[in-house]
Amino acid sequence: MKLIITDLENFKVPVEGDYKIIQPQGNIRNCIGCFGCWTRTPGRCVIHDGYENTGIDMSKCTELIFVSRCYYGSVSPFVKTVQDRAISYIHPDFVMRRGEMHHKRRYSNVIQLSAYYYGETVTDAEKETARKILQANADNYDGRVKNIYFYKSAEELEGIRI
Amino acid sequence: MKTALINGSPKVKSSNSGILLEDLKAYLVETEAVEFGLHTGTAAKEKAEALNQADALVFSFPLYVDGIPGHLLSCLADLEEASSKSKGIRVYGIVNCGFYEGIQAEPALQVLQNWCEKAGYVWGGGVGVGGGGGLAQMPKTKSGHGPREPIEKALKALAEAICSEHVQGDQQAQDHQQIQENQYVSVAFPRFLYKLAAQMGWRQMMKASGGKARDLGRRPEGGED
């Protein structure tokens, strides 16, 4: 299953195969750093606003795909907030991987990560940052980077297939 | 000279980002330090205007999923819209990592630097603090000693840069887009002990919530193996 996290309310990008999409529907509340998703309700965020199960959705996916406006080399505030609220995908304990500290796995699935960024004025420095962040995400989810793309507008994405 | 100390943690009280700003403040001399909080997803117009009156902005925030917390990113977008884009305001960042290696904050500092470019500010450099998850538990000892010593040293250097750039003046600051290199530090505490202390901390929190240690690895209903 592909899990798509996007800031597009009107998502018109053709998708191949099985997928689930998380997109803006009502207000999303931000992570408050309480760690309740690790110690009170392990695996699930404690804020009940419809965005509390992304960690569980991630455990069922083979691909995680961000479709987002590029904000300074980051995904958009909405997509980032969904990610922040989904740290329960991983376990709170630390492990060492390639000489760096990361979190232990909670699940066994290995996620392939892709990002489809859009935005008219994405600079080279922002593209470089976006690449670094996607790789860092892959390291922390213990997954792999599949691809990263940059488009000028969301409309351009309607002509591709993900 | 006015320096805005901006706490970008979602926590209003008792945040490690706040501790780091307090430590920095102690080293800031010859500058008026004004505290601001960006704890939710919007930066009100009045707050944005007040920040535009400062000569330097220091953002202190936790590393969230390899980047800037979603709510703070949203505030940065608000501030970009409200930016006067002409004053040469300098921006600095302090990123607090739960991981031991401060270098893991590098992409988050880059996002802040990229934001400066878009918002018309001058990037002044930042500090990535590794092992920041335990700051509240680490006692402040006399200067030059204790587990927080490398962090204090980096913050002192940052404070010196903030103050000296003011003396150099705006034009020179604008001529040198990045005034100092980012610094990446870790607490002076062995990594394996930091890892162990964190594991003990999670188990204590789990027990306080009425659960057992093994529940930390629970896969909730509907989740895969």
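The values are calculated or read from the model by the stated rules, or taken from the named source; none is laboratory data. Quick caveat, the model's predicted, so the values are computed rather than measured. Reconstructed Cβ throughout: ideal geometry from the backbone, glycine too, with neighbour counts over all protein chains shown. Remember, those area values only see protein heavy atoms, side chains included, never the ligands or the DNA or RNA. Shrake-Rupley method; radii C 1.70, N 1.55, O 1.52, S 1.80 Å.
Remarks
- Flag if B:Ser9 is more than 14 Å from the chain's Cα centre (by Cα) and either closer than 22 Å to B:Gly130 by Cα or surrounded by 17 or more Cβ atoms within 10 Å (Cβ to Cβ) (or both): no
- Residue match in the stretch B:130-152 (condition: within 30 Å of B:Glu46 (Cα to Cα), of a type in the set (A, V, I, L, M) and out of contact with any Ser or Thr (no Cβ under 6 Å at 6 or more places or on another chain)): no
- Any hit, the stretch B:16-23, residues being of a type in the set (A, V, I, L, M, F, W, C), in contact (Cβ under 8 Å) with a residue 60 or more places away in the chain, open to solvent by 30 Å² or more (accessible area, probe 1.4 Å) and on the phi < 0 side of the Ramachandran plot: yes
- Flag for A:Gly26 being more than 10 Å from chain B (Cβ to nearest Cβ) and of a type in the set (Gly, Ala, Ser): yes
- The stretch A:107-126 - residue that is over 17 Å from the mean Cα position of the chain (by Cα) and crowded, with 16+ Cβ neighbours inside 10 Å and, of those, nearest to the other protein chains (Cβ to nearest Cβ): A:Glu126
- Test result for B:Gly131, open to solvent by less than 30 Å² (accessible area, probe 1.4 Å), within 15 Å of the chain's Cα centre (by Cα), over 16 Å from B:Leu5 (Cα atoms) and assigned by TED's automatic domain parsing to the domain that holds B:Leu28: yes
- Residue within the stretch A:69-87 that is at pLDDT 95 or above, more than 11 Å from chain B (Cβ to nearest Cβ) and surrounded by fewer than 24 Cβ atoms within 10 Å (Cβ to Cβ) present: no
- Which listed residue is more than 30 Å from A:Glu120 (Cβ to Cβ) and in contact with a strand residue (DSSP E or B) (Cβ under 6 Å, 6 or more places away or on another chain), from A:Asp7, A:Asp57, A:Asp84, A:Asp49: A:Asp57
- Looking across the stretch B:197-210, the residues that are surrounded by 13 or more Cβ atoms within 10 Å (Cβ to Cβ) and either more than 7 Å from every other protein chain (Cβ to nearest Cβ) or under 27 Å from the mean Cα position of the chain (by Cα) (or both) come down to B:Ala197, B:Ala198, B:Gln199, B:Gly201, B:Trp202, B:Arg203, B:Met205, B:Lys207.
- Output for the stretch B:52-67, where each listed residue is under 24 Å from B:Ser164 (Cα atoms) and either open to solvent by 10 Å² or more (accessible area, probe 1.4 Å) or away from chain A (no Cβ under 14 Å) (or both): B:Asn52, B:Gln53, B:Ala54, B:Asp55, B:Ala56, B:Leu57, B:Val58
- Scanning the stretch B:68-83 for residues that are open to solvent by 10 Å² or more (accessible area, probe 1.4 Å), at the interface with chain A (Cβ under 9 Å from one of its Cβ atoms), of a type outside the set (Ser, Thr, Tyr) and under 14 Å from B:Leu38 (Cα atoms) turns up just one, B:Ala77.
- Taking the stretch B:84-102 as the range and being open to solvent by 10 Å² or more (accessible area, probe 1.4 Å) and either modelled with pLDDT under 95 or within 13 Å of the chain's Cα centre (by Cα) (or both) as the test, the residues that pass are B:Ser84, B:Lys85, B:Ser86, B:Lys87, B:Asn96, B:Gly98.
- Out of A:Asp49, A:Asp57, sole residue that is out of contact with any helix residue (DSSP H, G or I) (no Cβ under 6 Å at 6 or more places or on another chain) and away from every other protein chain (no Cβ under 11 Å): A:Asp49
- Note on the stretch A:11-33: residues that are without any contact (Cβ under 8 Å) to a residue 60 or more places away in the chain and loosely packed, with under 15 Cβ neighbours inside 10 Å total 7.
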